[in-house]
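Here's the structure, in structure tokens; my notes come after.
Derivation of every value follows stated rules applied to the coordinates shown; laboratory data play no part. Everything numeric here is computed off the predicted structure, so don't read it as measured data. Cβ placement follows ideal geometry from the backbone for every residue including glycine, while neighbour counts extend to all protein chains displayed.
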Amino acid sequence: MSDHDYIKKLETMFKEEGFKVYYVELYADKDMRLERNKSENRLQHKPSKRNISESEARFIRLEEKYRLNSYEGEIKKENYIKMDNTHLTPLEVALMIKDTFNL
């Protein structure tokens, strides 16, 4: 099943239950993502990140092998935003999402 098919399946499942679906695509530059990969919160909650050198090597391999973000204009979903959170705190991002969708 493709990524798009999987997302469509999840969307349908929630909509059939009467829920609204919102899409938020976050992205940050590579250096920031590598830095965040070593944050206390990430290390505490994601055991796969605790071996930092192994985690960084995996990150680089995946970055080279896969496209991890959509192209501009590629996703044409209702209730969709794409946000660069490189220089934003989690709270700032959450408030922007809340404001964008009037939640």
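Under 25 Å from the Cα of Lys20, which lysines turn up, not counting those fewer than eight places away in the same chain? Answer for Lys20, where 25 Å is the Cα cut-off: Lys8, Lys9, Lys76, Lys77, Lys82, Lys98, listed by chain and number.
Where in the chain is the longest stretch that carries no GluC sites (Glu not before Pro) classed as loop by DSSP and with at most 16 other Cβ atoms within 10 Å? Result for the longest clean stretch: 18-71. Of the trypsin sites (Lys or Arg not before Pro) found in region 40-103, those in coil by DSSP whose Cβ has at most 15 other Cβ atoms within 10 Å are Arg50, Arg67, Lys76, Lys77.
For the pair Asn102 and Glu11, what calculated FRET efficiency results from E = 1/(1 + (r/R0)^6), where r is the Cβ-Cβ distance and R0 = 22 Å, to the nearest 0.05? Step by step, r from the Cβ atoms, then E = 0.65. Per-residue extension of 0.36 nm, minus the Cα-Cα distance of Glu92 and Arg50, leaves a gain of 12.5 nm for this segment. For region 1-95, chymotrypsin sites (Phe, Trp or Tyr not before Pro) meeting the loop criterion (DSSP other than H, G, I, E, B) and having at most 13 other Cβ atoms within 10 Å: Phe19, Tyr66, Tyr71. Cross-link partners of Lys49 among lysines, defined as those whose alpha carbon lies under 24 angstrom from its own and excluding same-chain residues fewer than eight positions apart: Lys30, Lys38, Lys65. Considering the zone a paramagnetic label at Lys20 would reach in this model (a point 7 Å from Cα along the Cα-to-Cβ line), which residues of region 88-103 have amide N under 19 Å from it? From region 88-103, the list is 93-103. Computed over Cα pairs, the Kirkwood radius of the chain leads via Stokes-Einstein (0.890 mPa s, 25 °C) to a diffusion coefficient of 154 µm² per second. Overall, the chain carries a charge dipole of about 340 debye about its Cα centre when +1 sits on the Cβ of Lys and Arg and -1 on the Cβ of Asp and Glu, all other atoms neutral.
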